[in-house]
Amino acid sequence: MSEVTARVRIPREIKIGVTALLTIAAFVWLYGFLKGENILKRTSLYYIVYDDVSGLKESDPVEVSGYKVGIVQDVSFIDDGSGRLIVSLSIEEKIAVPKGSVAEITPASLIAGMKIRLLFSGAPAFYSSGDTIKGRVEQSILVTAEKELLPLRDGVTSTLARLDSVLAGIDKMLSPSFIEDLNQSAANIKEITGSLGNTLQERERELSETVENLHRFSGVMAERASSIDTMILNIAAISDSLAKSDLFPALSSLSKAANETSELLAELNSGKGSAGMLLKDDAMYINLTRSLEDLQRLLEDLRENPGRYLHFSIFGRRNN
């Protein structure tokens with residue numbers, strides 16, 4: 001038994017309609033995505049009233065601590081003739097905005113447009129979708145830059161004025177006579193440079209000879225290296241021998257004896273002791289001379305008249 005598969009025939013008009021609907025839906029989603037909206041995410045709507053939006057426009061970002069949480073959905077005038085504007089914000093529903101928070105309009109960058117920065121208050125209560133948030137405008141970055149650059153502008157103006165004075169002074173200084181003197185100085189410098197070059201050329205030969213002599217001396221030293229080593233070893237051996245010998249104690253004793261002799265001579269020269277008094281005291285010399293003379297006369301009298309001093313008898317001493 002054969003099975004018959006039933007096929008449902010879809011009309012061409014339905015196919016075209018479904019295709020058109022899908023295309024329109026994709027276009028709407030793509031348009032919203034390009035504007036910063038995502039229809040797949042649930043959002044909350046908040047309103048802010050400003051006196052001046054400073055160039056804020058639809059699709060500008062809404063940030064919290066530098067993180068994008070929504071977009072500016074609409075900017076329009078309030079119909080009360082005040083000229084104020086109302087801005088509607090589309091913010092992700094999961095972002096709870098504390099009551100008392102401020103929606104501040106601030107420049108996005110130096111070259112980009114504006115953005116809204118939500119400054120949370122930290123209150124325990126939160127706004128609901130459809131509530132109005134307090135808003136303010138941050139001072140324009142151009143105004144801030146102008147205030148900061150104003151001192152720089154004044155400084156540049158003052159510098160340019162001084163530079164103009166300096167250039168005027170230079171222009172006055174560059175007189176024909178000054179230029180002539182400058183050219184003469186340049187000529188003198190050129191002449192000095194030439195003379196210096198000639199001098200260097202003359203000394204080049206002497207320098208070459210000196211280098212050649214040094215090279216020869218180095219060669220001789222290299223050839224005599226073994227002899228020099230032997231000489232150094234001999235000097236070291238002699239030094240060791242002198243260190244081991246009794247030369248240094250002998251020199252020390254000689255130095256000590258010289259010092260003692262010097263002290264003795266100093267004492268003699270100062271008249272200390274008998275020898276010093278003999279050298280320095282005339283009275284002692286005179287007394288000593290007289291004593292020697294008396295001794296000489298005594299010896300002569302003893303030789304001439306020994307009986308006065310010696311009484312000998314073979315038979316004993318005679319009684320008077």
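The values are calculated or read from the model by the stated rules, or taken from the named source; none is laboratory data. Worth saying up front: this structure is predicted, and the values here are computed from it rather than measured. Note that each Cβ is placed from the backbone with ideal geometry, even for glycine, and that neighbours are counted across all protein chains shown.
Looking across S227, S274, one residue alone is modelled with pLDDT of 75 or more, loosely packed, with under 10 Cβ neighbours inside 10 Å and out of contact with any Lys or Arg (no Cβ under 9 Å at 6 or more places or on another chain). It is S227.
Using the structure shown, decide if E63 is part of a strand (DSSP E or B) and not aliphatic (A, V, I, L, M). Yes: the conditions hold for E63.
Being at pLDDT 90 or above, within 18 Å of F126 (Cβ to Cβ), surrounded by 13 or more Cβ atoms within 10 Å (Cβ to Cβ) and touching a Leu at 6+ places or on another chain (Cβ under 8 Å) holds for only one residue in V72, V97, and it is V97. Being modelled with pLDDT under 75, closer than 30 Å to L89 by Cβ and either surrounded by fewer than 10 Cβ atoms within 10 Å (Cβ to Cβ) or of a type in the set (A, V, I, L, M) (or both): is that true of L174 here? When the stated conditions are applied, L174 does not pass them. Across region 283-320, which residue is modelled with the highest pLDDT among those that are aromatic (F, W, Y) and surrounded by fewer than 10 Cβ atoms within 10 Å (Cβ to Cβ)? By that ranking, first place goes to Y309. I need the full set of residues from region 77-113 which are without any contact (Cβ under 8 Å) to a residue 12 or more places away in the chain and among the polar types (S, T, N, Q), in order please. Result: S82, S109.
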